[in-house]
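Report on the structure given below.
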Amino acid sequence: MHQEPQVRQGDAVRRTRRAAQALDSMIAEVRAGLARRPLPELPCKYFYDERGCALFEEITRLPEYYPARTETGILAEHADAIVDAVAPCEIVELGSGTSRKIRFFIDAVRFRGWLESIQLLEISEAALRASVARLQHDYPEARVGGVAGDFASDLAELGPGGGRLVLFLAGTIGNLHPQELPSFFREVAGVLEPEDGFLVGVDLVKDEARLHAAYNDSLGVTAEFNRNILRVLNDRLGADFDPWDFDHRAFYDSERQWIEMRLRARRSLTAQIPAAGTTLSLQAGDEIRTELSCKYTRETFAARLRGTGLELERWITDPQCLFASALLRR
Ligand code: AVI
């Protein structure tokens, strides 16, 4: 079953109802997150305004940040075999960012003469529009559509599928709390037909020193990325954070097998967040949690799939077992 085109004439990027209400959702999430005790938190999706996207791009080029180049190596070698296994005519990417790695798959599908459509789902509308325009230019024979939305809540916007290979790359699955995975996997299963494939990039448990370095780079790009979330709050909610009042902190919790990023107040301060009708008072040393980046083994990842309607079909790693590409089926 092949889906109807979702591209609107004159505008290939559709905004989800949720994206249209993005400010309301953001206000509610920020208010709830900052009210949490003992550790206030902010949803990591708010890193990604234009500056945040650019900083993340810079992170992917850092020598310490192994996930990006490792996944690229795996996909360069195995995209053809994955495409042969799934035989898709539509490639979908969730959290598509700059949409570079998707090209391994588009090229393989095009080479086989199967390419019909490409759909991107991305929270940053600027990044989405740029990617849709580039892909439409480079693959004129394909229908290229974009959904400006959140992969955690807007999957239904993709519509019914069939002949679909859905990509969720970069280890972004790790930015969901492990408890959120079962419902996320169930949602994904809901947009897949039995012959479709879901390819997930999974960052693996490894020695702590390498993990620590990846999130504490020597140039301080990750620190700037972390502080950017406060600039986003300033821009969108009229908050008055001075990002330089905060130190970047990232550490590996070996029991929970996740990297935790935080911002630590350098001094006592009170920040106003007018659009959210709230203030945040911190003492020197108090922290805000800004991101989890969970690391998995094949076993811990497979355990999260149980009962979700998705099954692990292939688990491909690089030779050093730093990162895995997991092919899942409904
Ligand atoms: C997007 N995501 C997979 C990155 C990660 O590694 O969790 C975000 C990031 N945070 C700090 N550096 C990169």
When you scan region 231-244, do you find a residue that is more than 22 Å from ILE27 (Cα to Cα) and among the acidic types (Asp, Glu), even just one?
no
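Yes/no per residue for (1) within 16 Å of the ligand (Cβ to nearest atom); (2) at pLDDT below 95; (3) in a helix (DSSP H, G or I):
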site: ARG36; (1), (2), (3): no, no, no
site: GLU58; (1), (2), (3): yes, no, yes
site: ALA68; (1), (2), (3): yes, no, yes
site: GLU71; (1), (2), (3): yes, no, yes
site: LEU75; (1), (2), (3): yes, no, yes
site: ASP84; (1), (2), (3): no, no, yes
site: VAL92; (1), (2), (3): no, no, no
site: ARG103; (1), (2), (3): no, no, yes
site: ASP107; (1), (2), (3): no, no, yes
Members of region 38-56 found to be among the small types (Gly, Ala, Ser) and either within 10 Å of the ligand (Cβ to nearest atom) or touching a residue at least 12 places away in the same chain (Cβ under 8 Å) (or both), listed by number
GLY52
Six or more apart or on different chains, Cβ atoms under 7 Å: show the pairs whose first residue is in region 127-149 and over 15 Å from LEU94 (Cα atoms) and whose second is assigned to a helix (DSSP H, G or I).
TYR139/ILE106; TYR139/ARG110
Quick check on region 103-124. Is at least one of its residues surrounded by fewer than 18 Cβ atoms within 10 Å (Cβ to Cβ) and within 24 Å of ALA22 (Cβ to Cβ)?
no
How many residues are open to solvent by less than 30 Å² (accessible area, probe 1.4 Å) and either more than 29 Å from THR222 (Cα to Cα) or at pLDDT below 80 (or both) when one looks only at region 1-34?
5
For region 74-100, what are the residues that are in contact (Cβ under 8 Å) with a residue 24 or more places away in the chain, closer than 17 Å to VAL202 by Cα and open to solvent by 40 Å² or more (accessible area, probe 1.4 Å)?
ALA76, HIS78
Taking the criterion of being over 22 Å from ARG330 (Cβ atoms) and of a type outside the set (Ser, Thr, Tyr), would at least one residue in region 191-200 satisfy it?
no
Pairs returned, first residue in region 211-238 that is closer than 24 Å to ARG69 by Cα, second residue that is of a type in the set (Lys, Arg) and within 11 Å of the ligand (Cβ to nearest atom), beta-carbon separation under 8 angstrom, 6 or more apart or interchain, are LEU211/LYS295
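The values are calculated or read from the model by the stated rules, or taken from the named source; none is laboratory data. Please read all numbers here as calculations on a predicted model, not as lab measurements. When we count neighbours, we look across all protein chains shown, and the Cβ atoms used for this are built from the backbone with ideal geometry, even at glycine. Note: areas computed on protein heavy atoms with side chains; ligands, DNA, RNA excluded. Shrake-Rupley method; radii C 1.70, N 1.55, O 1.52, S 1.80 Å.
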